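Engineer: First the structure, then my questions, so here it is.
The values are calculated or read from the model by the stated rules, or taken from the named source; none is laboratory data. Owing to the predicted nature of the structure, the values given are computational and were not obtained by experimental measurement. Every residue, glycine among them, receives a Cβ derived from its backbone with ideal geometry; neighbour counts consider all protein chains shown.
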DNA sequence: GATGGGGCGGCAAGCGCATTCCATCCAGCG
DNA sequence: CGCTGGATGGAATGCGCTTGCCGCCCCATC
């Protein structure tokens, strides 16, 4: 990529590179009008485009914002990405994107790559995992994050803080609630945009109980996946608050196919509840899983809300035309992306996300 | 973003920066084993991470790949993005992302930004518009692209070539077919990953006709939107091939809401066809529009395939759990993204995309 | 044992730009 | 009329790294 350089423009305009630099790229010292005109004209006629690399090197600030997600083709992340991108554009930043499939090792690689690019800030979205097999990965991710921060970068986590050795316990059954964890400063000193997963899934359980459901089952992601674990916990708390027995938890992959698989496995439970004259209410910890469950049930001839009820979480945009309308917890994903980007770039603490329970047809009162 | 520099590592290891550079970052000349060890040890202990900006400046190659899409939250683009990202990762490139809402002006800005970053290659996805109002935008996009290419960048367009003044006619009713346009070299000398929109929509029309449908209507995007126009044309050709009358074309926004709107408008036609004992078959030029149509019809109490038939185009992943199963044309979007990235980076011509008609329930023979 | 060549570090020159410091010029003031 | 101070353009330096070139040493060769 050879290209027109500043000094060529300067020569063309008959001024020094310093002067050209001052008129072309915002400086505190703006040269006289006449000279400025000459320089601008020269720049236009030569088709000058500043070399951002060189500028970055000279100013030691790149104007780059890194975004790390599990999977950009997942509507959850692509909505967030849209928000991040839109904020980045408004702030005149350029977006770097990396997808990691959710593995801490890939995430570390991404942080490393962005550190190498000297990104001004990094937004890291996606659930953490407290799985034992991820301990080394989490540790090295944490180290990499520390290094990035130590070098003056801004890191913002969407949802959960990074998993430290100490915190690896946090997702476990008897860990501290959301609030306590959020209050504890992240060891890596990263910003965290909190998503009230626990209280929202509790709200969902309450809403469902108030609608008259009394038998529940939970379709969760693999053990150790923080987002899933926390949502399960919140939901169970809600049931407990209403004096209902804890729901059985069925674990599978944290995606549509996981839901599909769980759906098959839950057929029996749905039918036996029906046999007893009640409807089982399912809570899938994310919408994609819920959609998988619905697909599996449908294949077995079971429909919501007639034969069972089901709720998801996230309110991804895909739901708009999904049948039956899926009860879920709306997360303002694009907005989350926007404020994540802004917070990361400014270094200010982001406002926690606001969610809300959205009741739809999939948990309607039985029609008959 | 201050950080450990190469020369600090070199000093720590007791060697010159040149030597350190050679051992740390792939050079043809690799220093002796003993020295290499010292340098590596120093790099690790200091936590050295090369400054990609400086490297880029020195090597004049950045390892950056730019991706420009209309909307990253649209599953069509996010699937492509996934493919691009995955190829980029494998090739050791970093991805720059920009969303433009499909306006040529924003696209130009994105190209400019990526040029400024000296991206090695740019993938530009999304339909072009031959609309009169976009003429100036297209022209300046073309200029910007030319400039990028002149500076040694590689540009790859997904779908259509850039719109030149000359080519602005191409999308018009009596323009040359796909093949002729593809054969004409792009003025900007950019690569083009061809998507056989015309022949595939023709295939779709043939398949539908063979299924026994004889009355068609088309739900298209706004006039001048190339992808839409070409698909319409191909479909009409297919009908013509079967001796069927041309379908009425109804235009609205190229998205879900446009489809919804068109769906309402088409209620009459569906009902009157039914009154005459036949079913109207709708072709929406993309899946999102088709989904909007289905939603609108459902609201009016009309269901596919019982009351009408409908087909879409793209086979976005959202369709997996859409009811009814939507007949469509499958485009291997992720694969398209992958080969787009590879071609852009290598400068080689990409293989044209392979699509196929997928018949599903939405165009099933009437059940009764 | 002298000579040529190959291998290996180091030196230094940039890559394109921002910015500090300096020289210059002119206006204004005493 | 001489001096000072502010404004303005230019020269020089450095951001962190790569790489062509030079010089050194050691070994093989005659």
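Engineer: For residue A:233, only one of the following conditions fails: (1) outside any loop (DSSP other than H, G, I, E, B); (2) closer than 20 Å to residue A:157 by Cα; (3) touching a helix residue (DSSP H, G or I) at 6+ places or on another chain (Cβ under 7 Å). What is its number?
Structural biologist: (2)
Yes or no, residue by residue, for (1) within 14 Å of another protein chain (Cβ to nearest Cβ); (2) within 30 Å of residue B:85 (Cα to Cα); (3) surrounded by 20 or more Cβ atoms within 10 Å (Cβ to Cβ):
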position: B:6; (1), (2), (3): yes, yes, yes
position: B:10; (1), (2), (3): no, no, yes
position: B:16; (1), (2), (3): no, no, no
position: B:36; (1), (2), (3): no, no, no
position: B:56; (1), (2), (3): yes, yes, yes
position: B:65; (1), (2), (3): yes, yes, yes
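Engineer: Determine whether residue B:109 is on the phi < 0 side of the Ramachandran plot, more than 8 Å from DNA strand D (Cβ to nearest atom), at the interface with chain A (Cβ under 9 Å from one of its Cβ atoms) and buried (at least 18 other Cβ atoms within 10 Å of the Cβ).
Structural biologist: Details: on the phi < 0 side of the Ramachandran plot: yes; more than 8 Å from DNA strand D (Cβ to nearest atom): yes; at the interface with chain A (Cβ under 9 Å from one of its Cβ atoms): yes; buried (at least 18 other Cβ atoms within 10 Å of the Cβ): yes.
The answer is yes for residue B:109.
Engineer: Spot the failing condition for residue A:61; the list is (1) within 16 Å of DNA strand C (Cβ to nearest atom); (2) crowded, with 24+ Cβ neighbours inside 10 Å, and only one is missed.
Structural biologist: Condition (2) is where residue A:61 drops out.
Engineer: Which fully enclosed helices (runs of 4 or more DSSP H) of segment A:1-57 have 2 or more residues being more than 8 Å from DNA strand D (Cβ to nearest atom) and in contact (Cβ under 8 Å) with a residue 24 or more places away in the chain? Give the derivation first.
Structural biologist: Values: elements: A:6-13, A:17-24, A:33-46.
Helices (runs of 4 or more DSSP H) meeting the threshold: A:6-13, A:33-46.
Engineer: Something else: Could you check segment A:274-304 and list, in sequence order, the residues that are under 20 Å from residue A:251 (Cβ atoms) and in a helix (DSSP H, G or I)?
Structural biologist: Of everything in segment A:274-304, those that are under 20 Å from residue A:251 (Cβ atoms) and in a helix (DSSP H, G or I) turn out to be A:287, A:288, A:289, A:290, A:291, A:292, A:293, A:294, A:295, A:296, A:297.
Engineer: Confirm whether residue A:92 is free of Cβ contacts under 8 Å to residues at least 12 places away in the same chain, within 14 Å of DNA strand C (Cβ to nearest atom) and not assigned by TED's automatic domain parsing to the domain that holds residue A:315.
Structural biologist: Working: free of Cβ contacts under 8 Å to residues at least 12 places away in the same chain: no; within 14 Å of DNA strand C (Cβ to nearest atom): yes; not assigned by TED's automatic domain parsing to the domain that holds residue A:315: yes.
Considered against the rule, which asks whether it is free of Cβ contacts under 8 Å to residues at least 12 places away in the same chain, within 14 Å of DNA strand C (Cβ to nearest atom) and not assigned by TED's automatic domain parsing to the domain that holds residue A:315, residue A:92 comes out as no.
Engineer: For residue B:93, which of the numbered conditions (1) within 11 Å of DNA strand D (Cβ to nearest atom); (2) crowded, with 19+ Cβ neighbours inside 10 Å; (3) within 13 Å of chain A (Cβ to nearest Cβ) fails to hold?
Structural biologist: Of (1) within 11 Å of DNA strand D (Cβ to nearest atom); (2) crowded, with 19+ Cβ neighbours inside 10 Å; (3) within 13 Å of chain A (Cβ to nearest Cβ), only one is false for residue B:93: (1).
Engineer: Do the conditions hold for residue A:76, that is, is it touching a residue at least 60 places away in the same chain (Cβ under 8 Å), surrounded by 18 or more Cβ atoms within 10 Å (Cβ to Cβ) and either farther than 30 Å from residue A:344 by Cα or touching a helix residue (DSSP H, G or I) at 6+ places or on another chain (Cβ under 9 Å) (or both)? First the steps, then the outcome.
Structural biologist: Values: touching a residue at least 60 places away in the same chain (Cβ under 8 Å): yes; surrounded by 18 or more Cβ atoms within 10 Å (Cβ to Cβ): yes; either farther than 30 Å from residue A:344 by Cα or touching a helix residue (DSSP H, G or I) at 6+ places or on another chain (Cβ under 9 Å) (or both): yes.
In short, yes.
Engineer: Which residues, taken from segment A:320-335, are crowded, with 20+ Cβ neighbours inside 10 Å and part of a strand (DSSP E or B)?
Structural biologist: A:327, A:328, A:329
Engineer: In addition: In segment A:18-28, what count of residues is obtained for those that are surrounded by fewer than 17 Cβ atoms within 10 Å (Cβ to Cβ) and either within 14 Å of chain B (Cβ to nearest Cβ) or within 7 Å of DNA strand C (Cβ to nearest atom) (or both)? Can you show your working first?
Structural biologist: Just the residues of segment A:18-28 that are surrounded by fewer than 17 Cβ atoms within 10 Å (Cβ to Cβ), to begin with: A:18, A:25-28.
Keeping just the survivors that are either within 14 Å of chain B (Cβ to nearest Cβ) or within 7 Å of DNA strand C (Cβ to nearest atom) (or both) gives A:18, A:25, A:27.
Of the residues in segment A:18-28, 3 are surrounded by fewer than 17 Cβ atoms within 10 Å (Cβ to Cβ) and either within 14 Å of chain B (Cβ to nearest Cβ) or within 7 Å of DNA strand C (Cβ to nearest atom) (or both).
Engineer: Identify all residues within segment A:309-319 that are surrounded by 24 or more Cβ atoms within 10 Å (Cβ to Cβ) and within 9 Å of chain B (Cβ to nearest Cβ); write none if there are none.
Structural biologist: Correct list: A:318 only.
Engineer: For segment B:29-58, what are the residues that are more than 21 Å from residue A:149 (Cα to Cα), in contact with a helix residue (DSSP H, G or I) (Cβ under 7 Å, 6 or more places away or on another chain) and more than 8 Å from DNA strand C (Cβ to nearest atom)? Lay out the reasoning, then the answer.
Structural biologist: To start, the set of residues in segment B:29-58 that are more than 21 Å from residue A:149 (Cα to Cα) comprises B:29-41, B:55-58.
If we keep only those that are in contact with a helix residue (DSSP H, G or I) (Cβ under 7 Å, 6 or more places away or on another chain) as well, we get B:29-31, B:35-36, B:38-40, B:56-57.
Those that are more than 21 Å from residue A:149 (Cα to Cα), in contact with a helix residue (DSSP H, G or I) (Cβ under 7 Å, 6 or more places away or on another chain) and more than 8 Å from DNA strand C (Cβ to nearest atom): B:38, B:39, B:40, B:56.
Engineer: Can you name the residue in segment A:346-360 that is at pLDDT 95 or above and not in a loop (DSSP other than H, G, I, E, B) and, of all such residues, is surrounded by the most Cβ atoms within 10 Å (Cβ to Cβ)?
Structural biologist: Checking each candidate, the answer is A:357.
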